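Trainee: Before we start, here is the structure in question, set down as structure tokens.
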Amino acid sequence: SQRYKQLIVNCATGIFLNFWILIRFPNGERREQSFLRTDKIQSIYRYIDSLGLPGVGNYKLISSFPRRVFGVDQMGITLEDAGLHPRASLFLEPSE
């Protein structure tokens, strides 16, 4: 299971190379995906869109603690700069 895979760490620097993002959907479904630390928030949106899940239209991603909304304006931020390391949980909230 992806959940139990080890995080990849650069031994020389101790920097996490992969970040694991758990995405929680309004219907209770959960998906976990690995991203590079240099990937941007847009990569998470692309992953969600690629799933083709029914009922997922316009949405924004929200971290619970600290509460932060990742919407269109944050698409260019890296996961590292967004503080989503080495693991994070995001909730998909429908938007209008």
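The values are calculated or read from the model by the stated rules, or taken from the named source; none is laboratory data. Bear in mind the structure is a predicted one, so any value in this text is a computation, not a measurement. All Cβ positions, even for glycine, are placed from backbone atoms using ideal geometry, and neighbour counts span all protein chains on display. To get the accessible areas, we keep the full protein, side chains included, count just its heavy atoms, and leave off ligands, DNA and RNA. Shrake-Rupley method; radii C 1.70, N 1.55, O 1.52, S 1.80 Å.
Trainee: Just to verify a number: what accessible area does R87 come out at with the full protein assembly present, 1.4 Å probe, Å² rounded to tens?
Mentor: Counting only protein heavy atoms, R87 exposes about 110 Å² to solvent.
Trainee: Separate question: Quick check: net charge around N58, other residues with Cβ under 12 Å of its Cβ, Lys/Arg +1 and Asp/Glu -1? Kindly include the intermediate steps, with their values, before the conclusion.
Mentor: Working: positive: K60; negative: D49, E93, E96.
So the environment of N58 carries a net charge of -2.
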